[in-house]
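The structure under discussion appears below in the form of structure tokens.
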Amino acid sequence: MSQYTVVVAIANPDNVPNLMRIACMMACEFDGRVVAVTVVEMESEAPDPSSTAHDRMSQAYDVLEMAEKMAEGCDADFDGRLAVGRKVAEVLDDVADAEDAKLIVVGYSERLHPRDDAEFERLIDEIAAHAPCNLAVARFHGEVRFGRVLVPVRTRLNLDVRRDFVTAMHNQHGATVDVVHFASSQAEVEHMRDELEDWLVERGVYDWVNLRVDVAEQPAEAIVAASSEYDAVVLGTAPLHDVRRRYFGAVSEYVAGHARCSTFLLRTHDIRPGT
């Protein structure tokens, strides 16, 4: 089995500590390493001599240095990569593929790529289109803490990748984890409670995860309302091969935009049979 490698995209100096904290958390939990990638997009592979290009290159080196110091502080193995003149999504997917990465970590972005024939509108959609591994999208809200973590579920979809994520939060940050299912009716409550209890036992996390099943007509609004009592919400999305025009899906999209705490969206890399 290959080493657990986490590829993390860094660009904005303000977000580097938070993204590196997540990447290092996962690498340390699974005895792996962090590969931090920053990209300077230019029209040519060689930077031009203008002052603007020089400033962008300088910032790229600065964020890599910042990331390395974060990794040292977390006692995580680290490798930094700088790419020039290529698309961010292309670089991340290529690095993840070459490194046989288990996870890509990126920050949530509303950045648009307006093209008449574009299938994907945002940077994260472009990354997800060809990502060769699991993908985590982080949207930070206020001070980043992991004291109480909410994990809303509908079915067992993406529960394994989220289990790994919250296990790292629990083991390294002492997080209290609540798995919550918002049922559409009382009849659904008992069925889902039994199914989720069985899953938690099977995966060996039953002893430290709290399970709750409630009735809620609007799950997305119920998750947002509950988020005010938590430090983070960890959501799952459809498998990578189900990506269409929008990345998140209706519920995850709504929660990411309205939650009153940080949100982490985990997508499993699911290869279709025969591919």
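Taken together, the values in this text are just the output of simple stated rules run on the coordinates, not laboratory data. Remember, predicted model here, so these are calculated numbers, not experimental data. Cβ atoms come from the backbone with ideal geometry, glycine included; neighbour counts cover every protein chain shown.
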Förster-model FRET efficiency, 30 Å R0, ASP77 and TRP208, C-beta, rounded to 0.05: 0.65
Restricted to Cα positions, what overall size does the stretch 135-213 have along the principal axes? Three whole-Å values, descending. 39, 25, 23
Given H placed 1.01 Å from N in the peptide plane, which residues other than close sequence neighbours of VAL153 have an amide H under 5 Å from its amide H? VAL180, HIS181, PHE182
Given 4 °C and 1.567 mPa s, compute D for the stretch 53-112 with the Stokes-Einstein relation, Rh being the Kirkwood radius over Cα pairs; round to the nearest whole µm²/s. 97 µm²/s
